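Notes for the one structure printed next.
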Amino acid sequence: MSEVVASPSNAESPDLDWSQVRETVRMFRVGVSAIEYSMSTGDESISTLIEAFTKMNTYMKEIKQIARDVDGGDQPEQPEGYEQMLTQLDGKCDMVINDLRSAVISFQFYDRLTQQLNHIASSLDNTADLVGDQNRIFNPTEWSTLQKQVYGSFTMEEGKILFEALLAGDSKEIAINKAKEYGNRDADNLELF
């Protein structure tokens, strides 16, 4: 993030050097900083949770297999209620496996959200750099380059769809709906780590 030289003039105490462009850049920087700070506080713990839940899912599958493999040893008869206990254990293992899978998928959505917020922060930061540079702000080529850079940095198709719709003149609501439609189709294809 390149820094804009701060003028003592600001919206609270404007003077002849006050500039709405500088205030816009400051507000962009506030947004970028808030996004980056918020993301940094949860990334490590989420990674740890994803790893833990993935391991627990594996352990539950192993426990379930062990329970299925238990045959009562050399005893001619199983203890009373043995089959019912195995059935209950098998069912409970399935329930835990499904809950763990749901938790891992939820964490994956958080990971996607973090990626999207990183992208937003980067885009705002690059826009602030452009707006804050008097040599570039009025140059259409600079804006086109920025737009191509932002578009090229999208890793998820929903972001590209949203970007294209907005640049084509769609309203925010229509653009969001187009991205959501694509995202809903894509959500069923999400795989576990």
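Restricted to the stretch 39-62, and to residues that are under 16 Å from Phe109 (Cα atoms) and of a type in the set (S, T, N, Q), which residue is modelled with the highest pLDDT? Among residues in the stretch 39-62 that are under 16 Å from Phe109 (Cα atoms) and of a type in the set (S, T, N, Q), the one modelled with the highest pLDDT is Thr54. Residues that are under 30 Å from Glu23 (Cβ atoms), under 14 Å from the mean Cα position of the chain (by Cα) and surrounded by 15 or more Cβ atoms within 10 Å (Cβ to Cβ): does the stretch 123-145 have at least one? No, the conditions are met nowhere in the stretch 123-145. Could you figure out which of (1) assigned by TED's automatic domain parsing to the domain that holds Met60; (2) within 30 Å of Arg26 (Cβ to Cβ) isn't true of Phe163? The failed condition is (1).
Of all residue pairs spaced 6 or more apart or on separate chains, those with beta-carbon atoms under 6 Å, a first member in the stretch 18-31 that is within 16 Å of Asp133 (Cβ to Cβ) and a second member that is not in a helix (DSSP H, G or I) are Glu23/Ala11; Val25/Val4; Val25/Gly132. Would the stretch 5-23 turn up any residue that is of a type in the set (Val, Ile, Thr) and at pLDDT 80 or above? Within the stretch 5-23, none of the residues are of a type in the set (Val, Ile, Thr) and at pLDDT 80 or above.
The values are calculated or read from the model by the stated rules, or taken from the named source; none is laboratory data. Owing to the predicted nature of the structure, the values given are computational and were not obtained by experimental measurement. Counting neighbours? That spans all protein chains shown, and the Cβs are built from the backbone with ideal geometry, glycine included.
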